[in-house]
Each structure stands twice: as C-alpha cells, then as structure tokens.
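Enquirer: Attaching a single structure in structure tokens format; questions to follow.
What follows is calculated from the coordinates using simple rules that are stated; it is not laboratory data. Predicted, not measured: the structure shown is a model, and the values here were computed from it. Quick reminder, even Gly has a Cβ in these numbers, built from the backbone with ideal geometry, and neighbours come from all protein chains shown.
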Amino acid sequence: MNIIQRLSPEGQILFELSEPGVQLAFVGIFDSPPEVEDGVLISEEDMIWEWFGEVGPNSEIHLEEGDLLDSTLVFSQVFFQCDSSDYFWAAWGWDDTAQYITHSTPKSQALQVPDEKPKLLLIETTKVGVAPNDTLLVPGADINLRFVFENIGDAKAIDPVVRITNSSISEFPVTLALDELEAGASASQTVNFTIPPDFSFADTLVLQIEMLYNNCLSSQTEVALVVNALSVCITDVKLIDIRYLPPTILWDPLAILPIYFPPDIYYEVIGPGETQMYLSSIIEDADDDFPNTPVMGDWPDLSPCLSLSLDSTYIIKFWDDDFDDDDYIGTYSFKPADFLSTQQELVEVINDEIQMELYLNWE
C-alpha cells in the first residue's frame, strides 16, 4: 500500500496516500505492534486512534480527522514531549467493491512523532540597584534580583513556572509565572528579598532555581551570591596640614591690631542628599606648623562610630570658626566601596587643599 506517514511543518502527524487501486482505507495507531492471525486483527485493544473513509488518488489524512479511542490521551506536540512511549501504525484498503482487502502496510511501523522540545535556561542574574554599578550584597539589606530566562529549545515553552528556594531566606520559596516563550525568546522577572543578617563578608548564598513547563519538562540550576559588603563606620578624623596657604599668612587677624591667630578648626561630615551627618567640636588656635607639628587637628574618636553606606558618597569639610562667616579650609570626598577590597582602616589624603587622615572600622 503506497502510504507514508510524516509530520507537517507545524509538527502535526499526517498520512499521505497515493494508491489508485484503493477506494476505501483504514489507518490505525497502536501502542504496540498490531497482531494479525488469518487476516484478522486480534490486538484491537491496542489501537488508540483510527480513521476510516473514502480516499482519492492523492489523499492526506490528518490526526484530527480520526478518532482517539483512549479518552485519556490528547495527541499534540506537548503530549509527545511528555510521553516517551513507542507507537506504531498500520493501514489497509479496499477496492471499489469494498468486499476484500486488497492493499496493506507492514504491521510494525514505528510512528514518527514530533521530537522538538523547549529548553528553558536561566541566562542572567543581576542586582537591580539605584545606580548602574550597584552590585553590593549587604547582610540584612533588601535586594532586588532580576532573573532572565531564555527558551533555547526548538519548540514553544508553555505555562512556564519558576520556583526559587533557599531555606535561609524568609521570603522563599517564591513561584514566578512566565508568559509562553517561543523558541529563542526570553523573559525576565524581578524578586525582592532580604539577605540574611547573620551572613558575613565572603559568605555564599545559594539559590535553587527550578523551571517547569509544558506539563512535564523541567530544568534546574543554582545561583551563587557572594556577600561582598561589610558594615563600615568612621572612627576618627585628623587634619594634618593646610596646604594651600603660604606659611607666613595666618588665619584670624585681630580687628584693631596687626596680630594674627591660628585657625579655630572643626569639620563636618556631609552624607547623601547634602545631609549633615556629624559636626565636630572646635579646636581653637590649631598649630599649622607641619611637619614640626605632625598633627594639626586631632579630635576625640567618634563614639559610637559614624555608620556609612558602602555605595554612598560622603564629604568631609574643614572650616575655620570665625565671629562672622566661617572660613573654608578644604574638602575630601570618598565612597567606602572604593576601599572595600582592602578593608582599609587608615586612609591618608593629600590634595591641593589639605592633608588629612580618615580612620574606618570594618565588620
């Protein structure tokens, strides 16, 4: 019998019949090779799909044109992605008298089924921060993490669901529902959670990612997040020298006499939003005789120390206290993250205005 079974471009099962001598045909799909004795089909219970009807010299018989005998089955591309069973097909035909079978196929022909499958992968994990370079993972801090998934398979991913777990994180497990993804398409989701406060610098937080799709397919992976932030605070600030005035000029002239006095120095710490976070005491008549006087201004240690955010920028401004407007001395601007890799405790600063020392405490 001149009939072949193939798949349509959409992955649908069909049969092509080009046998001029056949007027009526029967096609069956079986879950085991059909058995025939003395011209009689004796394994009819193994048949799960059938089609019977008139055919012409060139006929196409599609799966949806026949009848499924097993109501629990729904033949589709998704069905074959989930089912690994072997199926078989056979066909036979009658001439125009419809009395005798005149043509038939071999009995144990394997059914060609769609083999395209989706494959969902996690291709990118990034922290969503207030700044593009915000990559710090801080113990006890909230974090927005964006996951990007891509279907690298050759079929559509239907009803994809992502499950994220970690027993240390109170917000987990989290389940994310993605839109259907055609082959080659991608989608992203953002998850907010709190990094456990008992984690320390260099600890690794592992997230288990499971992707489920097409009723039965799954992919698993892990994401390792390394805590790369410490708590940091200012413990002390020292002004070593004022660098931009000639040594013969002093700061505070007496109003009626040609007498000058050393500056009365203090400093302030300015944080994000131009907020004054700390204002020091005033050291009167600070001796600016560097290097004979190694330290011009040495204030008491900050107690408690002044906590800083690693990703923020801070400004230390030095002033000379006067009766009217205070005189500006100099400025140093810094970001604690710049010293994170070395956990530098003493930052020595020399610029065009000042020489100073900044003391940091890392935990």
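Enquirer: With springs only between Cα atoms under 10 Å, which of Lys127, Lys107, Lys119 fluctuates most in a Gaussian network model of the chain?
Expert: Between Lys127, Lys107, Lys119, it is Lys107 that shows the largest mean-square fluctuation.
Enquirer: With each run of n ≥ 4 DSSP H residues scored as -39500 (n - 2.57), what mean residue ellipticity at 222 nm is computed for the chain after dividing by its residue count and rounding to the nearest 500 deg cm²/dmol? Could the numbers behind the result be given before it?
Expert: Numbers: 1 runs with 6 residues, N = 363.
Mean residue ellipticity, 222 nm, calculated: -500 deg cm²/dmol.
Enquirer: In percent, what relative contact order does the chain have, based on Cα pairs under 8 Å that are 6 or more apart in sequence?
Expert: Values: 832 pairs, mean separation 42.5, N = 363.
Value for the chain: 12 percent.
Enquirer: So what's the gap between the Cα centers of the range 47-69 and the range 176-219, to the nearest angstrom?
Expert: When both Cα centres are located, 44 Å separates them.
Enquirer: Pick from Thr204, Thr72, Thr125: which residue has the top mean-square fluctuation in a GNM of the chain where Cα pairs under 10 Å get a spring?
Expert: The residue that fluctuates most here is Thr72.
Enquirer: Just add up the charged neighbours of Glu124: K/R +1, D/E -1, any other residue whose Cβ is under 11 Å from the Cβ of Glu124.
Expert: On the way: positive: Arg146; negative: Glu150.
With Lys, Arg at +1 and Asp, Glu at -1, the neighbours total 0.
Enquirer: Here's another thing I want to ask about it. Can you list the chymotrypsin sites (Phe, Trp or Tyr not before Pro) in the range 301-362 that are in a DSSP coil and have 11 or fewer other beta carbons within 10 angstrom? Working shown, then result.
Expert: Numbers: sites: Tyr314, Phe318, Trp319, Phe323, Tyr328, Tyr332, Phe334, Phe339, Tyr359, Trp362; in loops: Phe323.
Taking the range 301-362 and a limit of 11 other Cβ atoms within 10 Å, the loop chymotrypsin sites (Phe, Trp or Tyr not before Pro) found are Phe323.
Enquirer: Take the Cα of Lys127, step 7 Å along the line toward its Cβ, and report every residue of the range 190-205 whose backbone nitrogen sits under 16 Å from that point.
Expert: Inside the label zone: 191-205.
Enquirer: Rounded to the nearest 0.05, what FRET efficiency do Gln220 and Val295 have when you use their Cβ-Cβ distance and R0 = 45 Å? Provide the component values of the computation, followed by the final result.
Expert: Numbers: r = 60 Å, r/R0 = 1.32.
According to the calculation, E is roughly 0.15.
Enquirer: Name the residue, out of Leu136, Leu14, Leu145, whose mean-square fluctuation peaks in a Gaussian network model built on the chain with Cα pairs under 10 Å.
Expert: For the chain, modelled as a Gaussian network with Cα springs under 10 Å, the answer is Leu14.
Enquirer: Then there's this: Can you tell me the length gained on complete extension of the stretch Asp159 to Thr190, counting 0.36 nm per residue apart and subtracting the Cα distance?
Expert: Values: separation 31, 0.36 × 31 = 11.16 nm, distance 1.82 nm.
Result for the pair: 9.3 nm of gain on full extension.
Enquirer: Residue by residue through the range 181-195, what is 3J(HN,Hα) from phi via Karplus (6.51 cos²θ - 1.76 cosθ + 1.60, θ = phi - 60°)? Round to whole Hz and write x for glycine and proline.
Expert: Values per residue, Gly and Pro as x: 10, 5, 4, x, 8, 9, 8, 10, 9, 10, 10, 10, 7, 10, 5 Hz.
Enquirer: Count neighbours as other Cβ atoms within 10 Å of each site's Cβ, and list the GluC sites (Glu not before Pro) in the range 255-346 that are DSSP loop with at most 15 such neighbours. Don't skip to the answer; put the middle values down first.
Expert: On the way: sites: Glu268, Glu274, Glu284, Glu345; in loops: Glu284, Glu345.
Counting only loop positions with at most 15 other Cβ atoms within 10 Å, the GluC sites (Glu not before Pro) in the range 255-346 are Glu284, Glu345.
Enquirer: Just one of [x] 1.42; [y] 0.97; [z] 0.95 is Rg/Rh (Cα atoms, Kirkwood Rh) calculated from these coordinates, so which is it?
Expert: Of the listed options [x] 1.42; [y] 0.97; [z] 0.95, [x] comes from this structure.
Enquirer: Still on this structure, I have one more. Using 0.36 nm per residue, how much length does the chain from Glu50 to Asn228 gain when fully extended, once their Cα-Cα distance is taken away? Don't jump to the answer; show the numbers that get you there.
Expert: Values: separation 178, 0.36 × 178 = 64.08 nm, distance 6.38 nm.
Here the answer is 57.7 nm.
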